[in-house]
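Novice: Dumping the structure here so I can ask a few things about it.
Quick note: the coordinates plus some simple rules give every number you see, no bench work behind them. All figures in this text were calculated on a predicted structure; none of them were measured in a lab. All Cβ positions, glycine included, derive from the backbone under ideal geometry; neighbour counts span all protein chains shown.
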Amino acid sequence: MSQLEPLIADLALILICAGFMTLLFKSLKQPIVLGYIVAGFLASPNMPYMPSVTDGHGIHVWSEIGVIFLLFSLGLEFSFKKILKMGAAPIIAALAIILCMMYVGTCTGELFGWSQMDCIFLGGMLAMSSTTIIFKAFDDMGLRQQRFAGLVLSVLIIEDILAIVLMVMLSTMAVSKEFEGTQMLNSILTLGLYLVLWFTVGLYFIPWVLRKLKPLMNDETLLITALALCFGMVVAASSAGFSAAFGAFVMGSILAETVEAEQIEHLIAPVKNLFGAIFFVSVGMMVDVALIIEYIVPIISIIAAVMLGQTILSTCGFLLSGQSLKTSMQCSFSLTQIGEFAFILATLGTSLHVTSDFLYPIVVAVSVFTTFTTPYMIRMAEPAYNLVSRMLPAKLREKLERNTDEQDEQAPNELKRMWNTAFKRFVFIMLINSVMCIAIMSIMVYYGEPIIANIVPAQWLHPVTALIALILCAPFLWMLMRAGTDSPEVNKLWESGTHWRVRITACGLLRIIISAFFVSCFVDYAIPWSILLGIFAIVSILFIIYYSSILEKQGNAMARNFTDNLSAREKIKK
């Protein structure tokens, strides 16, 4: 008789427990995520009265795959254009909430004498509310169409993005074992560079590849292609020093802008549900009743910190973003829980061996309790507002209720609107093309130069490398200097007076200065130059690039292709 592999037997046990508990929790109208956690506890060695999982390493690997699929699916639901359309209010509120709650979590850990890394990770866990739980609660309570619900979901999107940044920061801190400002800033800048680079290159090429392969695409081939792109980006992100989850999110956000996004999301859902279930079950396996009893005081304290911190500090954050007192309280009472990202951060701390063993089960216990109380906290928002409103002085209440974001305002000046549109376009162009130039320069120095060294004499190595890099960067330098300068908004503003001409000229000069900086790097790398020779070379190169009809044609085609790919999904919907 053949021997069954332990991993297969473990999978059978996990799915049996998960299947039973999800049906039970569904019938009780409770979040299924909690069912997975309970199933994990039942299948763990901490539950002596039932069969338990034997291959812990295999389950850990599968749970990591689950995190990859969860972040990939999150990326598919994300859109950079949505962030731009949200305005400043959700961004201001999300930043204020995260900073305040991280401080609350860190201080709570310090009160119990925990290590610095435990306190910092706890702060990160408490800063992230649960998108899944809140979305489900709004859906069940019929609040999805309420204005405050839309604002909360916008804040949750921002929190999810900042959680990715937080994961990278915490990983850097875990490796260095200390908080070092310069290193942290360098990590954030590197993260931004890679994010823009991957998004730009991916959005330029991937939709084109999918269009070319469309005749060959059915559900099966599209699913395999999407998974190949996802795990390819996971490997690329890991090679660059980032987490696998970050790479999965980036590829998901790239595919979210393609016309196949909804089909991919539909196809990936069963795979995500399977591996996501294994991840949440593995979270439940970390629950240790003995540890929970031992740390019952910290658990109650953290629950209080989440409840009070979110209801008070988040209300202040939403008020700061320009919301009324009632809307702010409705939003803040909806955020009084921790969820998926808390588990992911806890898993990160455990895998890096920088957090204590007790932190994981404590966070799970807090999450379970706050998840159960979420619907009740949402219902309490309006009575709490009525109570606070009666207690406040009339003048202060009137001031808090005045809200520029919710009241009808006079339509903004047309010229200001056009300037805002043109300025955003200028910033976008400068960011994208600067990152592409930096990426090409880095690739040529670190990867291209060793190849060129085998072909040309040593004295020609730097000049040839710089020349090839300059040729590759030329279209991006042209777009950096000239793209968007002939748009209808810019032409209208130019004709509208000196005030707008000064602004447009200042933007144009800044773009030329940035381009000159990149060209000076090429010239400096190629030849030792005097000041006069260097200035002449830089000006000559800029002049050639600026007035090149070939680069103009190539740059316009690249910009048009990128813009078409970015808006293709919206055009299909229309």
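Novice: Explain nothing, just the number: relative contact order of the chain, from Cα pairs under 8 Å at least 6 residues apart, as a whole percent.
Specialist: Contact order relative to length: 19 percent.
Novice: With a cut-off of 8 Å between alpha carbons and a minimum separation of six or more residues, what is the relative contact order of the stretch 275-338 in percent?
Specialist: In percent, rounded to a whole number, it is 29.
Novice: Rounded to the nearest 0.05, what FRET efficiency is calculated for GLN263 and LYS553 with R0 set to 45 Å and r the Cβ-Cβ distance?
Specialist: FRET efficiency, GLN263 to LYS553: 0.85.
Novice: Whole angstrom only: what separates the Cα centroid of the stretch 1-71 from the Cα centroid of the stretch 148-172?
Specialist: 28 Å
Novice: So what is the calculated 222 nm ellipticity per residue for the chain, using -39500 (n - 2.57) for each DSSP H run with n of 4 or more, over all residues, to the nearest 500 deg cm²/dmol?
Specialist: Value at 222 nm, helices only, nearest 500: -26500 deg cm²/dmol.
Novice: Looking at this model, which pairs from LYS492/LYS553; LYS395/LYS416; LYS214/LYS272; LYS212/LYS553; LYS424/LYS553; LYS29/LYS399 are more than 29 angstrom apart at the alpha-carbon?
Specialist: Flagged as over cut-off: LYS395/LYS416; LYS29/LYS399.
Novice: Using only Cα atoms, locate the centre of the stretch 269-327 and the centre of the stretch 191-227, then give the distance between them in Å, rounded to an integer.
Specialist: Comparing the Cα centres of the stretch 269-327 and the stretch 191-227, I get a distance of 34 Å.
Novice: Neighbouring Cβ atoms within 10 Å as the yardstick, rank PHE148, PHE112 fewest first.
Specialist: Arranged by neighbour count, lowest to highest, PHE148, PHE112 become PHE112, PHE148.
Novice: I've got another one for you. Tell me the volume per residue, in Å³, of the convex hull enclosing the alpha carbons of the chain. Please list the in-between numbers first.
Specialist: Numbers: hull volume 125.8 nm³, N = 574.
Given the Cα convex hull of the chain, per-residue volume reads 219 Å³.
Novice: Relative to the longest principal Cα axis of the chain, at what angle does helix 531-546 sit, 0 to 90 degrees, rounded to 10?
Specialist: Result, in degrees: 80.
Novice: Rounded to the nearest 0.05, what FRET efficiency do PHE112 and ILE468 give with R0 = 45 Å and r taken as the Cβ-Cβ distance? Could you check? Don't skip to the answer; put the middle values down first.
Specialist: On the way: r = 58 Å, r/R0 = 1.29.
Efficiency at R0 = 45 Å is approximately 0.20.
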